[in-house]
Amino acid sequence: METIKLTIDNRAVEVPRGTTINKAARLLGIEIPVLCYMELKDMNIENKPAGCRICVVEVDGRRNLAPSCATNCEEGMVVRTHTTRVLNARRTVMEFILSDHPKDCLICAKSGTCELQSMAHKLGIREIPGQEIAAMSTYRLDTSPSIIRDLDKCIMCRRCEMMCNEIQTVGALSAVNRGFMSAVAPAFEQNLEHSTCTYCGQCVAVCPTGALTEVDHTPDVLRALADPSKTVIVQTAPAVRAALGEEFGMEPGTLVTGKMVSALRSLGFDYVFDTDFAADLTIMEEGTELLDRLNRHLSGDKTARLPILTSCCPGWVNFFEYYFPDLKDVPSTAKSPQQMFGAIANTYFADKIGVNRKDLVVVSIMPCLAKKYECQRGEFSTDNNPDVDFSISTRELAAFIKQANIDLNNLEDDDFDSPLGESTGAGVIFGTTGGVIEAAVRTAYELQTGKKLERLDFNELRGLEGVREATIDFDGLPIRIGIAHGLGNARKLLDDVRSGKSQFHAIEVMACPGGCIGGGGQPLHHGNSEIIKARVAAIYAEDKKKPLRKSHENPFIIKLYEEFLGSPNSEKAHHLLHTHYFERKKKIVVKH
Amino acid sequence: MSSIKIELRQEDIEKIREICGSFGKDPQELINVLHKCQEHFGYLPAEVQEVVSNELDVPVAKIYGVVTFYSFFTMTPKGRHPISICMGTACYVRGAEKVLDEFKKELGLQVGQTSKDGKFSLSSLRCVGACGLAPVVLVGDKTYGRVAPDDVRNILKEYE
């Protein structure tokens, strides 16, 4: 590879051609500040509009300052990153950005985790000249079921636009208008609700300011907990335990399962349960459906459509309802674990403890913002009583715990309640890309072949590549599996299904890069992909230490079928645990 | 804000498809497609953008972004007699702003608006290449040179 020699702040460095000044400086341990720029290394996610000009540097022989995020190194370049001219320019840029930015930092949802706030602090901004003459934008607030857009706080870094278009290929958001009127908005500046937004929340995950935040449901949860007539139960998704600790200063990848259970109990939940239980249940239903479709297909039944697609991810469900409505009979009909949990809690469990579903409040803790929307979907409620009442994100839970003066670091570990808190390792790995299909393979293999699986770690299904494929030998029957995370990657696999080119028997899709561990409701990664990798490792570590690692061996799942559901895909199971999908593509109506 | 319903006459849908087809339905040709559509419809209503989005497979949010970025594109229908006042440097220094203000006052319109009866629409543009005639006003295809605020009423009278 051709390399280039240059000096940055009087230090020599040699880098491959094509390296930006910013990256070269990092190799020397020089952190040139960036604001609009963001990169998730190894995940092919990079935002490089060179828009904010915070990262400018002085290059000898160059008239103007160079944006280091978007300027490539050249042979013999002499770069200075902290001259008076550079520092003054950086400060001026920051003052301009702040001149029309709301000054309500004290009460902003992003306060404390806002990158604009940190940058103002880092640059030592103490006054904002010109704010009296700068126009303040007054963009109307847009509140959707999952996401709030407060465009007055937008600094046009366009990270959200990049995630929505390039990574997710959802195309809900675009930069519109010009000058002070410019904003990132859905078409015709309609509300998010009327766009193709899937509520994946990746725009929120990368927004540096308070322009994009989640709809906070913790006040509703607090109200329910304070109501003596309500029995309040909680379920926690697998990815939450692998990330919650970050909000309390722990190393990324620290598992806090036991402490999280203690905290939830301290908050006053009557029962602390685990979505992992419902993940095991999902495997029973989805795995059975897979084998049914597979065996019918193998015996020549033309109505048995393959591949089967996983349906646990509500962002993904929204995506195919918008973009692939013609394929809506391809995904599994199994509800997501969140909704399976809700359905079982309001029937089987409510009966067991003798509580009417109207007095049972089901709360979910999710790494996800689409779950907020999912639990509000009409088909997931009975007589206007939703199966899952409120869904709050990992971030909201962390804030809730802090508000309750609970020090997560010093809590003793506690165990989930029985029976809806008992799970296997297969349920845990639902939290990461490849995990759902690995869990399905562990169960489907044994059910199909009648043999005991020799190895449980399917490394060929793991990893962070956007699209992965593997063939698993089901005792002589090769099962071809596809995996995609990130909706843009899912689109590639779906295009093949649509054109009949797909050779897969089963495909797993998770909307967020990395899967749920990279979800829109997780602690903010601020562009550090090592955090995401550490969470993945934590998920697999939790799986490894579980005594049971196959869903169909979960004794409480077995009991649930014996006592209540009958068998997987039974009529009752279908009624409670399966769903259907809707076409949501906008139709062009002919006017007469 | 409620969702926009896409309702168009069959012939309009066919026309948009024809325009997109003439550019090979290439998303790179978006701006050219929009130019042709605006030429045909006079403006680019949401419905037209939605059909273009379908045809070119470009998110409609992106199309709206382009339409709102370039001042040439408009989402409001032009009047039967579109009035444009040149605000280029030469016209500007010779008092184009006062002329524009007079049009605003006479018509009760702001730049970018169309009168309720659909007769006049008001816009400003940058340099029509007739600086010797500054300040310049265009009404439809007709050019008026050396316009003073006092001429405005007479110009409008021609279209009564």
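The values are calculated or read from the model by the stated rules, or taken from the named source; none is laboratory data. Only a predicted model underlies this, so the values are computations on that prediction, with no experimental measurement involved. Every residue, glycine among them, receives a Cβ derived from its backbone with ideal geometry; neighbour counts consider all protein chains shown. Each accessible area value is taken on the protein alone, full model and side chains, heavy atoms only, with ligands, DNA and RNA left out. Shrake-Rupley method; radii C 1.70, N 1.55, O 1.52, S 1.80 Å.
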**Boolean, A:Ser393 is surrounded by 18 or more Cβ atoms within 10 Å (Cβ to Cβ) and in contact with a Cys (Cβ under 9 Å, 6 or more places away or on another chain)** = yes
Here the residues within region A:294-331 that are part of a loop (DSSP other than H, G, I, E, B) and more than 23 Å from A:Thr196 (Cβ to Cβ) are A:Ser299, A:Gly300, A:Asp301, A:Lys302, A:Thr303, A:Ala304, A:Arg305, A:Leu306, A:Pro307
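Quick grid of which residues meet (1) hydrophobic (A, V, I, L, M, F, W, C); (2) under 30 Å from B:Gly132 (Cβ atoms); (3) facing chain A (nearest Cβ under 8 Å):
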{"residue": "B:Phe23", "(1), (2), (3)": "yes, no, no"}
{"residue": "B:Asn32", "(1), (2), (3)": "no, no, no"}
{"residue": "B:Leu56", "(1), (2), (3)": "yes, no, no"}
{"residue": "B:Tyr70", "(1), (2), (3)": "no, yes, no"}
Among helices (runs of 4 or more DSSP H) entirely inside region B:1-98, those with 2 or more residues being charged (D, E, K, R) and farther than 22 Å from B:Val111 by Cα are B:10-22, B:46-56
Checked region B:70-85 for anything modelled with pLDDT under 90 and of a type in the set (A, V, I, L, M); matches are none
Checking B:Lys104, B:Lys62 in turn, the sole residue that is over 17 Å from the mean Cα position of the chain (by Cα), open to solvent by 30 Å² or more (accessible area, probe 1.4 Å) and modelled with pLDDT of 95 or more turns out to be B:Lys62
For region B:2-44 the number of residues that are closer than 29 Å to B:Leu122 by Cα, touching a His at 6+ places or on another chain (Cβ under 9 Å) and loosely packed, with under 13 Cβ neighbours inside 10 Å is 3
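With respect to A:Ala175, is the statement that it is over 30 Å from A:Phe400 (Cα atoms), modelled with pLDDT under 95 and over 18 Å from the mean Cα position of the chain (by Cα) true?
No, not satisfied.
Hey, can you tell me all the residues within region A:190-204 that are under 15 Å from A:Leu524 (Cβ atoms) and either part of a loop (DSSP other than H, G, I, E, B) or open to solvent by 10 Å² or more (accessible area, probe 1.4 Å) (or both)?
A:Gly201, A:Cys203
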From the option list B:Ser115, B:Ser124, single residue qualifying as under 17 Å from the mean Cα position of the chain (by Cα), modelled with pLDDT under 95, open to solvent by 40 Å² or more (accessible area, probe 1.4 Å) and among the hydroxyl-bearing types (Ser, Thr, Tyr) is B:Ser124
Looking across region A:213-237 at residues that are under 20 Å from the mean Cα position of the chain (by Cα) and open to solvent by 10 Å² or more (accessible area, probe 1.4 Å), the single one that is farthest from the other protein chains (Cβ to nearest Cβ) is A:Thr218
Query raised in the report: Just to be sure, is A:Pro129 outside any helix (DSSP H, G or I) and either touching a strand residue (DSSP E or B) at 6+ places or on another chain (Cβ under 8 Å) or open to solvent by 50 Å² or more (accessible area, probe 1.4 Å) (or both)?
Result: yes
Does A:Asp414 satisfy being touching a helix residue (DSSP H, G or I) at 6+ places or on another chain (Cβ under 6 Å) and either open to solvent by 10 Å² or more (accessible area, probe 1.4 Å) or outside the structural domain of A:Ala239 (by TED's automatic domain parsing) (or both)? yes
So, first residue without any contact (Cβ under 8 Å) to a residue 40 or more places away in the chain in region A:437-463, second residue open to solvent by 30 Å² or more (accessible area, probe 1.4 Å), Cβ within less than 7 Å, six or more apart or across chains; the pairs are A:Thr449/A:Asp475; A:Lys451/A:Asp475
For region A:345-371, pairs from a residue that is within 30 Å of A:Thr143 (Cα to Cα) and open to solvent by 20 Å² or more (accessible area, probe 1.4 Å) to a residue that is of a type in the set (Val, Ile, Thr) and not in a helix (DSSP H, G or I), with Cβ under 8 Å and 6 or more apart or across chains, are A:Arg357/A:Thr382; A:Asp359/A:Thr231
The lone condition A:Arg377 fails out of (1) touching a Lys or Arg at 6+ places or on another chain (Cβ under 8 Å); (2) over 16 Å from A:Ala278 (Cα atoms); (3) of a type outside the set (Asp, Glu) is (1)
For region A:579-592, pairs from a residue that is at the interface with chain B (Cβ under 7 Å from one of its Cβ atoms) and surrounded by 13 or more Cβ atoms within 10 Å (Cβ to Cβ) to a residue that is in a loop (DSSP other than H, G, I, E, B) and of a type outside the set (Lys, Arg), with Cβ under 9 Å and 6 or more apart or across chains, are A:Lys586/A:Thr196; A:Lys586/B:Ser3; A:Lys586/B:Ile4; A:Lys586/B:Ile6; A:Ile588/B:Ile6
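Looking at A:Phe269, is it closer than 27 Å to A:Ser418 by Cβ, in contact (Cβ under 8 Å) with a residue 12 or more places away in the chain, in contact with a helix residue (DSSP H, G or I) (Cβ under 8 Å, 6 or more places away or on another chain) and not β-branched (Val, Ile, Thr)? Steps first, please.
Numbers: closer than 27 Å to A:Ser418 by Cβ: yes; in contact (Cβ under 8 Å) with a residue 12 or more places away in the chain: yes; in contact with a helix residue (DSSP H, G or I) (Cβ under 8 Å, 6 or more places away or on another chain): yes; not β-branched (Val, Ile, Thr): yes.
Judged against the criteria, A:Phe269 is a match.
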Could you tell me whether A:Ala70 is in a loop (DSSP other than H, G, I, E, B) and either in contact with a Gly (Cβ under 9 Å, 6 or more places away or on another chain) or modelled with pLDDT under 95 (or both)?
no
